[in-house]
1. Could you work out the helix-only [θ] at 222 nm for the chain, with each DSSP H run of four or more residues adding -39,500 (n - 2.57) and the total divided by the number of residues, to the nearest 500 deg cm²/dmol?
2. Read phi for every residue in the stretch 8-25 and hand back ³J(HN,Hα) as whole Hz from Karplus 6.51 cos²θ - 1.76 cosθ + 1.60, θ = phi - 60°, with x for Gly and Pro.
3. What whole-number volume per residue, in cubic angstrom, does the convex hull of the C-alpha atoms of the chain give?
4. Going by C-beta contacts inside 10 Å, put V69, V11 in order with the fewest on the left.
5. Relative to the longest principal axis of the chain, what angle (0 to 90°, nearest 10) does the C-alpha long axis of helix 34-46 take?
6. Normalising by the residue count of the chain, find the relative contact order in percent from Cα pairs under 8 Å and 6+ residues apart.
Amino acid sequence: MAYSNERKASVIAKMLPPHNLSLRQLSREEGISEGTLSRWRAEARAQGKLLPDGQSGPKGWTARDKFAVVVETAALNEAELSEYCRERG
C-alpha cells in the first residue's frame with residue numbers, strides 16, 4: 001500500500017519529541033505495519049534526522065542519536081541551544 005508523503009511525514013513527526021511514540025504504539029494508532037514504520041524511520045535517519053528508538057536507552061535515544069545531538073549542538077551558544085532543545089525536546 002502506498003502512503004502519501006504528507007501522511008508519512010505526519011507519522012514520522014509522531015516519532016519525534018515531544019511524542020516519542022514507539023513503533024508498536026504508532027502501528028496500533030495508525031494502522032500501519034511496524035515493518036513499514038521501521039523502514040520509514042531508517043530512511044529518515046539516513047537523511048540525517050534524529051529519531052529516537054522507543055526500545056533503547058533513557059527516553060528512547062540510542063547512543064548514536066545522543067552523540068549526533070552533542071556534535072550538532074557543540075557550536076551553539078546558550079540561546080541557540082535553548083531554541084534547539086525547545087524544538088526537538
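1. On the way: 5 runs with 52 residues, N = 89.
Result for the chain: -17500 deg cm²/dmol, rounded to the nearest 500.
2. 4, 5, 5, 5, 4, 4, 6, 7, 8, x, x, 6, 6, 6, 6, 4, 4, 5
3. Details: hull volume 8.9 nm³, N = 89.
For the chain, the hull spanned by Cα atoms encloses 100 Å³ per residue.
4. Details: V69 15, V11 20.
Taking fewest neighbouring Cβ atoms as first place, the list is V69, V11.
5. 30 degrees
6. Numbers: 60 pairs, mean separation 21.5, N = 89.
Taking the mean separation of contacting Cα pairs over the length of the chain, I get 24 percent.
Every number here is computed from the coordinates shown, using simple stated rules; none is lab data. Computed from a predicted model, the values in this text were never measured in an experiment. Positions of Cβ are backbone-derived with ideal geometry, glycine not excepted, and every protein chain shown enters the neighbour counts.
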